[in-house]
């Protein structure tokens, strides 16, 4: 296979899967990993991909913090479908934790009005979405307010979580990377989310397909710490297969 053919193969796989691995390309192309890295370096120099450790993505994976009022306007249909599917997992008299983010706000709106629940959350917009629901008992965490996400973070919020036993966490994230894990753009929020994962029996991540291959500043947890991921039909088969190999249930809606 010529260099041009290798480069075409790499780009075709990158556009199909949204991600390529140096180790996998080495096996598929029957060349050394050194050769693959050189190929990726050349393609990056042409602006055709972005290299990361041991892999490459179509664009820079790093995400910046954006106001919640801006984020709620993008991928609305996908978030609505994901939220409705997540709501179907709820059981009568569940005690759950809901994280912060526009997808879990959509989830809060999708919760049936006749379903008795106890909800613990640090997200004030989640609280406002549920405050008129007569069958939901709300526990609002306290702490430092993050205006960009309309949520609280910090020691007081983390300390409160330790005093409750909840069955399931419904979590939204800014990025999901197969190697690095779940991330958000704020390190204090990442730490709070990590404490939430530790305090529940099951973690369900609600993330539209645009979040995959992305990284925020703060790491929440390894991807193996998640039980279920609900995403949309834009999620590539590559990511689905890799996550299922790690024992994660992947639901596409």
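Structure summary
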item: Rounded FRET efficiency, nearest 0.05, which uses the C-beta distance separating residue 236 from residue 155 and R0 of 41 Å; result: 0.55
item: Label selected from [x] 34, 18, 16; [y] 38, 22, 19; [z] 37, 17, 16, the criterion being semi-axes √(5λ) of the Cα gyration tensor in Å as computed here; result: [z]
item: Helix-derived mean residue ellipticity, 222 nm - over the chain, DSSP H n ≥ 4, -39500 (n - 2.57), to 500; result: -11000 deg cm²/dmol
item: Separation in nanometres of the label points that stand 7 Å from Cα toward Cβ, at residue 148 and residue 4; result: 4.5
item: Extended-chain gain in nm, criterion 0.36 nm per residue less alpha-carbon gap, residue 51 and residue 225; result: 60.1 nm
item: Order of 62, 156 under a 10 Å beta carbon neighbour criterion, fewest first; result: 156, 62
item: Förster radius 35 Å - calculated FRET efficiency between residue 30 and residue 74, Cβ distance, rounded to 0.05; result: 0.25
item: Distance (nanometres) between label positions extended 7 Å along Cα→Cβ at residue 138 and residue 16; result: 4.8
item: Calculated FRET value between residue 93 and residue 62, using beta carbons and R₀ = 45 Å, to 0.05; result: 0.65
item: Distance in nm between pseudo-label sites at residue 249 and residue 201 (7 Å out along the Cβ direction from Cα); result: 1.3
item: DSSP beta bridges in the chain [antiparallel fraction, %, rounded to 5]; result: 35
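Since every read-out is calculated from the coordinates, none of them should be taken as a lab result. This structure is a prediction, so every number in the text was calculated from the model and none was measured. With ideal geometry, Cβ positions are generated from the backbone for all residues, glycine too; neighbour counts draw on all protein chains shown.
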